[in-house]
Amino acid sequence: MDNPYTCCMFDLDGTIINTIHALTYTTNLVLEHFHLGPVSEAAMMQMVGNGYKKQMERSLRAAGDRDLVYFEESLPLYQELFSRYCLYQLEPYPGMSELLNRMKAAGMKLAVLTNKPHQRGIETVEAVYGKGFFDVVLGEKEEIPKKPDPTGAFMVMDTLGVAKENCLYMGDTNTDMETAANAGLDAVGAIWGFRGRKELEAFHPKFLAENPLDVAELLGI
């Protein structure tokens, strides 16, 4: 196909970087503090995607704190520990670096939009791909509603001067598919991420991809 996209906006966790080790490790340290847990990495894949507060709520319930007795106390502890361990055993997904470099070579702008706290998002992306590789990295901030609210996506497009018909959105969860729909963007469902084909198919994204290089083939780059 002729590639109509001048920009691709990516989710972070489960899309461009496998962060499940860091997320699970930090969460289990918090749970251990309250003599709860641990939760498995497989379980954590179902808990992430809506920001760290929802992640801790789900994790506490799964670990036995059904009334969320420890919820408020867990949040600053998670932030403190995650500032230390957010880079724990990070792995780029196979083929992702090549896809990103092909997109750059085709003249596309690259952005990351994540529900991970903003500074942790920047640190995570830069640890794997280097400083300045992406044109924009935008994470969770108090003044920006979390995905699937499209506000962050609109901010990214405004910053880059890109129209929505020329911007592709790639992610691995229902939150990402909803974000793309709410922003009016064509979506790529990243089957290699945390949730898999069944969850993504339900939202009828423009493309479904088994691995990153499938996307390069779809775009003809």
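The values are calculated or read from the model by the stated rules, or taken from the named source; none is laboratory data. What you see is a predicted model; the values in this text were computed from it and never measured. Methodologically, a virtual Cβ is constructed for each residue, glycine included, from the backbone with ideal geometry; neighbour enumeration extends over all protein chains shown. The area values use the complete protein model at the heavy-atom level, side chains included, leaving out ligands, DNA and RNA. Shrake-Rupley method; radii C 1.70, N 1.55, O 1.52, S 1.80 Å.
Once you have the Kirkwood Rh of the range 1-63 from its Cα pairs, apply Stokes-Einstein at 4 °C and 1.567 mPa s and quote D in µm²/s. It diffuses with D of about 99 µm²/s by this estimate.
Of the trypsin sites (Lys or Arg not before Pro) found in the range 95-137, the ones in coil according to DSSP and having at most 13 other Cβ atoms within 10 Å of their Cβ are 131. Values (1) 51, 46, 31; (2) 55, 33, 29; (3) 57, 46, 30 are given for comparison; Cα extents along the principal axes in Å, derived from the coordinates here, is the one labelled (2). Peptides 132-140, 16-24, 35-43 ranked from most to least packed give 16-24, 132-140, 35-43, packing being the mean of other C-beta atoms within 10 angstrom over each peptide's residues. Between the amide H of residue 194 and any residue lying 5 or more places away or on another chain, no distance stays under 5 Å, with hydrogens modeled in the peptide plane. The label point for residue 210 and the one for residue 79, both projected 7 Å from the Cα toward the Cβ, are 4.3 nm apart.
Rolling a 1.4 Å probe over the protein heavy atoms of the chain, with every protein chain left in place, gives an accessible area that is 48 percent carbon and sulfur. Put the Cα centre of the range 1-22 next to the Cα centre of the range 130-167 and the gap is 13 Å. Using the Cβ-Cβ distance between residue 118 and residue 87 with R0 = 22 Å, the FRET efficiency computed as 1/(1 + (r/R0)^6) comes to roughly 0.90. For residue 141, a cut-off of 28 angstrom between C-alpha atoms picks up these lysines, skipping any fewer than 8 places away in its own chain: 53, 54, 104, 109, 116, 131, 164. Taking each residue as 0.36 nm, the span from residue 144 to residue 32 lengthens on full extension beyond its C-alpha to C-alpha distance by 37.2 nm. Our summary gives the chain a relative contact order of 26 percent, counting only alpha carbon pairs under 8 angstrom and 6 or more residues apart.
Annotation: per residue accessible area for the chain equals 44 Å², rounded to a whole number [probe 1.4 Å, protein chains only]. By its C-alpha gyration tensor, with a ≥ b ≥ c as the square roots of the eigenvalues, how is the range 98-221 shaped: rounded for a/c under 1.5, else prolate for a/b larger than b/c, else oblate? Here the range 98-221 falls in the rounded category.
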